[in-house]
Every structure is written in C-alpha cells, then in structure tokens.
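As structure tokens, the structure follows; a few thoughts come after it.
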Amino acid sequence: MNRVRLQPNERVSINGEPYQIISVSELNKVRVAHITHGAERDVSPGELDPYTDATCSRHREWDQLTPKQKEKALKKYDAIKPLLKLKGKKGISIAVAKRASELGRDERTLRRWISEYENRPQSSTLAGKTSPGGVRKKQIDSKIETIIQSVIEKYHETPERPTMRQTHEEICRRCYQSRLKPPSYGTVQNRINSRNRYESLMR
C-alpha cells in the first residue's frame, strides 16, 4: 500500500495529476491544490498517491505543450472553473447560461469544455489537438525526461539556486553517464520557466 505524508506542502498525485496538500482536517479530509493551475478540492486520504515521475506523467505532458497551448488551456479552465463544482446540483443549466453570457460564449461551447475536462480531468485536455498544418514537437525520451525533472527538483530548486547554465550542464553530465543524448539548453530553460510560472500560482 502506498503511503503519503499527510502534511501541508507535501506533493501528491491524484489519478496521475500533480497536487500539493494545503491542509488536513480532523474530519479525515485533505485540502489540495493542483500544482499547474491552482484549482483546490477536498479529497480523502485514500485518493492520494505518492508524487513520482510515474504517477505524475500528466504533469510532464503539460510541460510538453507550447506556450500558446498552455494559455489556451488555462483560459478554458478559467471559463469553466466556477461550473465544475456545480456538477449534479440543481441550477447548473442556469449557471452555464449566465457564465456563457458573461464571457460572450455559446452555452454549447462551455458544456463541451466541461464534458472534455470531466472525461479526462487534466489541464492538457483543454489545450486541444495540434492543427493539421502544425508541427508536433518531438517528445523527449522518458529516461531523459526523468533526468531533467530530477535535476530541476533536487539540484536547481535548492537554496544555492544554480544558474540555468549550471543546471543544463548537470543534466548533460548525467545524460552522458547514462549514454543518452542530452537535451538542448532551450529545452531545459523551457522546463524551468514552465515550472516557475505555474507553481507561482500556489503562492
């Protein structure tokens, strides 16, 4: 059985999505916030899994999106966020109509976004598919991705705060040790900037 430390600021995974514990109540309820977009929810301890590269693969999927795709996904999420907590409650239809009017959107569009998110509750779902004429970015090997995330979390995000260049060099060193082709400086820079931007929502 996987065990999670029930304490504030502890990172956890819920259905593969990365969350951070905000508080733990005496009623056996845990308040968590999504690391990417900051959405909060109450869950039971049994719903929590340890935060690992394997269980949080969806966080890496978010990191693979382009800045425009991330912006698009966050705008959609902001649009439906007030409606998600009303699922199954009386008056949801009125709330959707009101929200659509506020945003100048069609009700059917909001309902489609809600349905997409509920069927696959993760931020990247709302980014949409790559257009036929677009170029899909080549996905980095999972072993290299693991090294990148590990170095960022255990080397770059330390009190010493190494420079971006030093972090890239450390990633390259570990990749060479594992006989893997290291990622470019730009790739590492994008990963770090992405984490800084979206984790700032937690502060």
Going through (1) open to solvent by 90 Å² or more (accessible area, probe 1.4 Å); (2) modelled with pLDDT under 85; (3) under 21 Å from the mean Cα position of the chain (by Cα) one by one, Tyr117 fails only at (1)
For the range 18-31, does any single residue satisfy the condition of being closer than 25 Å to Ile140 by Cβ and at pLDDT 85 or above? yes
Hey, can you tell me all the residues within the range 150-192 that are among the aliphatic types (A, V, I, L, M) and in a helix (DSSP H, G or I)? Val151, Ile152, Met164, Ile171, Val188, Ile192
Please go through the range 143-166 and give me each residue that is among the hydroxyl-bearing types (Ser, Thr, Tyr) and surrounded by fewer than 12 Cβ atoms within 10 Å (Cβ to Cβ), ordered by number. Thr158, Thr163
Among (1) within 18 Å of Arg191 (Cβ to Cβ); (2) at pLDDT below 85, the one test that Gly128 misses: (1)
Kindly check whether there is at least one residue in the range 158-181 that is modelled with pLDDT under 85 and within 24 Å of Gln69 (Cβ to Cβ). no
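The values are calculated or read from the model by the stated rules, or taken from the named source; none is laboratory data. Keep in mind the model is a prediction, meaning the values are calculated, not measured. Cβ atoms come from the backbone with ideal geometry, glycine included; neighbour counts cover every protein chain shown. Just so you know, the surface numbers come from the protein's heavy atoms only, side chains and all, with ligands and any DNA or RNA stripped out. Shrake-Rupley method; radii C 1.70, N 1.55, O 1.52, S 1.80 Å.
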